[in-house]
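What follows is a short report on a single structure.
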Amino acid sequence: MAEMICRTCGRVYALDDPRWRCQCGSILDIAFAPAFNPGMVRHRPHSMWRYREAIPITHDTSIVSFDEGFTPLLEVRINGYPVLVKQDHLFPSGSYKDRGASVLISKVKELGISHVVEDSSGNAGCAVAAYCARARIRCEIHVPQDTSPGKLAQIRLYGASLKKVPGSREDTARSALQAAAESYYASHSWNPFFFQGTKTFAYEVCEQLGWKCPDTVILPAGNGTLVLGAHTGFSELRDSGIIGRIPKIIAVQAENCAPLYRAFHEGLGEIPPVEKADTLAEGIAIADPVRGSQILEAVKTSGGSFLTVSDTQVMHSLTALGKEGFCIEPTSAATTAGIETYLESMSSNELIVSVFTGHGLKSAEKIEKVVAQC
Ligand SMILES: *Cc1c(COP(=O)(O)O)cnc(C)c1O
Ligand SMILES: [Zn+2]
């Protein structure tokens, strides 16, 4: 039986309890040991919902989906080294956030909730708005005033109500939290159901490798939705004996906003607040990640570590991949720049898996500036 558990006080809640955080104010996780085995999926459609038994939604009729997922795992040469890269920029709303939104909005539908609030620097807002449109659920997306115009247009196109909040990314989070007091907070950082979607990344990678585990996965880290989802997925597959161990997780942050990197290398368990400067990697510029200590623990238990990349590295990686035929967001190029940095220190051959997180057409105006400079 799956249930929600508080990481701080240990309180337990049923999955049909419409709450997104504990009474004590802390974050909730979902404790779940799925009854899943690879034999189940052989004849199913190629979407992330093929791992149905591993996704804690009770009724099939609650599922809100565009048949998304099972993205190609494509070999891409990065500085000459073959890396297997999940093409998650090909999701319906243009980023891997659809993995989380599909499961979260399915849960919202199952709970009978008709109005949700979310805050985002862009892609999570787009994903939640798209799935709410599909399910005919009203949603209100709070965004920082300086969000990419393309993402704002996309959110409005889906029919969401858009609230532009002056000030920092953290001011936007506060504004959404306030609004959520009167509705349900469909937050990609707080809500534990989002991570039940992002964990399908790990299931897909293992299946695409013939139910084997890579040596290393290199992922972006802002709020850690992919790092934590992947860690959960790989751990579940290990616990059920499908793979023998979990891969080492290398988490990439932007040099101009790297609270997790700092805490990890200074051996801290909590995340000290950082001042953030502008970065091309807007999607991972999170100064105060709500699941910070959980992200540190996940990376540590995987045997991995954190690294940072500069905007110059991001620009170079973005343009290098463009010349290979890939159009990805500058934020996604932070991860690929991180691969380059990782490869420099790698001593023996490893099977490396990474991800293109978002489509470049989302930030055309930023890419325009980069190509003008390079
Ligand atoms: C959300 C996002 C990330 C980082 O994810 P976190 O959950 O904040 O760690 C990376 N790339 C893109 C394009 C994103 O939208
Ligand atoms: Zn609690």
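General observations
- Selection count where residues are farther than 21 Å from V116 by Cβ and within 13 Å of ligand 2 (Cβ to nearest atom), scope the range 1-19: 8
- Flag for A277 being modelled with pLDDT of 95 or more and either open to solvent by 10 Å² or more (accessible area, probe 1.4 Å) or outside any loop (DSSP other than H, G, I, E, B) (or both): no
- Residue match in the range 329-336 (condition: in contact with a strand residue (DSSP E or B) (Cβ under 7 Å, 6 or more places away or on another chain) and farther than 30 Å from R245 by Cα): yes
- Among the residues of the range 47-90, those identified as surrounded by 19 or more Cβ atoms within 10 Å (Cβ to Cβ) and over 26 Å from I30 (Cβ atoms) are I78, V83, L84, V85, H89.
- Checked against the criterion of being over 19 Å from the mean Cα position of the chain (by Cα), on the phi < 0 side of the Ramachandran plot and of a type outside the set (F, W, Y), the candidates V290, V299, V309, V274 yield just one match: V274.
- Pairs linking a residue in the range 20-35 that is touching a residue at least 60 places away in the same chain (Cβ under 8 Å) to a residue that is small (G, A, S) and surrounded by 11 or more Cβ atoms within 10 Å (Cβ to Cβ), with Cβ atoms under 7 Å and 6 or more positions apart or on different chains, are W20/S187; I30/A2; F32/A2; P34/A54.
- Annotation note: of I105, I113, the sole residue that is surrounded by fewer than 24 Cβ atoms within 10 Å (Cβ to Cβ), away from ligand 1 (no atom under 16 Å from the Cβ), at pLDDT 95 or above and of a type outside the set (G, A, S) is I113.
- Taking residues in the range 55-76 that are outside any strand (DSSP E or B), and partners anywhere that are at pLDDT below 95 and of a type in the set (A, V, I, L, M, F, W, C), the pairs with Cβ atoms closer than 7 Å and at least 6 places apart or on different chains are P56/A2; P56/F32.
- Residue in the range 118-137 that is farthest from T279 (Cα to Cα), counting only those that are within 9 Å of ligand 1 (Cβ to nearest atom) and in a loop (DSSP other than H, G, I, E, B): S120
- Criterion (in a helix (DSSP H, G or I) and within 12 Å of ligand 1 (Cβ to nearest atom)) met by exactly one of T319, T331, T312, T341: T331
- Among the residues of the range 347-374, those that are open to solvent by less than 40 Å² (accessible area, probe 1.4 Å) and not in a helix (DSSP H, G or I) comprise E350, I352, V353, S354, V355, F356, T357, G358.
- Of the residues screened, A31 is not one that is within 27 Å of E207 (Cα to Cα), modelled with pLDDT of 95 or more and either within 16 Å of ligand 1 (Cβ to nearest atom) or surrounded by 12 or more Cβ atoms within 10 Å (Cβ to Cβ) (or both).
The values are calculated or read from the model by the stated rules, or taken from the named source; none is laboratory data. Everything numeric in this text was worked out from a predicted model, so none of it was measured. Neighbour counts run over all protein chains shown; Cβ positions are idealised from the backbone, glycine included. Note: areas computed on protein heavy atoms with side chains; ligands, DNA, RNA excluded. Shrake-Rupley method; radii C 1.70, N 1.55, O 1.52, S 1.80 Å.
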